[in-house]
Amino acid sequence: PAYGYEDFVEGLRPRPTDAGLTFEPAAGLFRRICAVATAHPDESVVLVIDEFNRGDVARIFGELLTLLELDKRQRIHVVLPYSGDAFTVPRNVRILATMNTSDRSIALLDAALQRRLGKVELLPDPKVLGSAAVEGISLAGLLTAINRRLLEVLGDRARDLQVGHAYFMIDGKRLNTFSALRDVVQYDLLPLLQDYCADDPRSLHQLVGDALYDPGQRRFRTTPFAEGEGDRLAEALLGWGDEVAAEVPDSSSEDTDDSDDDA
């Protein structure tokens, strides 16, 4: 929220001199990126902005909003307020930005900005988790069950609150130990679901089940996460839906082949 035009485009920076402190124009991040793009016109220069809607985007970009449109790049220049330089956005600058749709501030993006954005919706994808399973629990099935239950309990608003597949991955790899899954459920997943059901313990109880939530005490049960209680946690997670149970390979055909060989 504190990030502004002076950081992104250009602003005044203090510089000590013999006569005292003076302020001089200094290029911000975006202006420096555009300079790199100008120096390498045959290459794409990509700026990645995470949590785009966390800042005051209109204030950060300022008059450059108009220059983001492809048909205005390198054709229209603006005069920057501090340096007085003429500035344009090169055509080979690409901006990729992520926005969390569960963040209500997304609604604050003004229409002028939204017109200049192409949008791609990225929903949770259980297929990314493949057939990975931990102690009989399918990671893809667990993800599917969580998001199904969210929709059942919270209704339409749960569409933007779905749990992503990255919760079940570490450093780009799928979880492969029960202890890792236990930590994700205890420290990441359950607190997230609790936030979704703020001030609504009944919905939280419906969502995670009696095995993990004590409705009388209005808190999560700790026993399933204790050492040596893995079976209890696994049973609680399996209770979220039939899809949570990992498929067991059918060995009947192998048994038949073996019996034929014996004959």
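The values are calculated or read from the model by the stated rules, or taken from the named source; none is laboratory data. Just so it is clear, the model here is predicted, and its values are computed rather than measured. Note that each Cβ is placed from the backbone with ideal geometry, even for glycine, and that neighbours are counted across all protein chains shown.
For the range 208-220, name all the residues that are part of a loop (DSSP other than H, G, I, E, B) and in contact (Cβ under 8 Å) with a residue 24 or more places away in the chain.
Our first condition is that a residue be part of a loop (DSSP other than H, G, I, E, B); within the range 208-220, this holds for 209-212, 215-218.
Matches in the range 208-220: 209, 211, 212.
Please work out if residue 13 is surrounded by 10 or more Cβ atoms within 10 Å (Cβ to Cβ), at pLDDT below 95 and assigned by TED's automatic domain parsing to the domain that holds residue 94.
On the way: surrounded by 10 or more Cβ atoms within 10 Å (Cβ to Cβ): yes; at pLDDT below 95: yes; assigned by TED's automatic domain parsing to the domain that holds residue 94: yes.
Against the criterion (surrounded by 10 or more Cβ atoms within 10 Å (Cβ to Cβ), at pLDDT below 95 and assigned by TED's automatic domain parsing to the domain that holds residue 94), residue 13 qualifies.
Listed residues 148, 174, 159; which is over 17 Å from the mean Cα position of the chain (by Cα) and not β-branched (Val, Ile, Thr)?
On the way: 174 fails: over 17 Å from the mean Cα position of the chain (by Cα); 159 fails: over 17 Å from the mean Cα position of the chain (by Cα).
After applying the criteria, what remains is 148.
Could you pull out the residue among 247, 227 that is touching a residue at least 40 places away in the same chain (Cβ under 8 Å) and surrounded by fewer than 19 Cβ atoms within 10 Å (Cβ to Cβ)? Can you show your working first?
Values: 227 fails: touching a residue at least 40 places away in the same chain (Cβ under 8 Å).
Selected residue: 247, the only one of 247, 227 that is touching a residue at least 40 places away in the same chain (Cβ under 8 Å) and surrounded by fewer than 19 Cβ atoms within 10 Å (Cβ to Cβ).
Quick one: residue 3 ticks every box in (1) modelled with pLDDT under 95; (2) within 30 Å of residue 124 (Cβ to Cβ); (3) in contact with a Leu (Cβ under 9 Å, 6 or more places away or on another chain) except a single one, so which number is it?
Evaluating residue 3 over (1) modelled with pLDDT under 95; (2) within 30 Å of residue 124 (Cβ to Cβ); (3) in contact with a Leu (Cβ under 9 Å, 6 or more places away or on another chain) leaves (3) as the failure.
Is there a residue being at pLDDT 95 or above and outside any helix (DSSP H, G or I) anywhere in the range 187-207?
There is no residue in the range 187-207 that is at pLDDT 95 or above and outside any helix (DSSP H, G or I).
Being modelled with pLDDT of 95 or more and either of a type in the set (Lys, Arg) or part of a strand (DSSP E or B) (or both) narrows it down to one of 148, 157, so name that one.
Every option except 148 fails the conditions.
Filter the range 52-80 for residues that are surrounded by fewer than 13 Cβ atoms within 10 Å (Cβ to Cβ) and acidic (Asp, Glu) and give the result.
71
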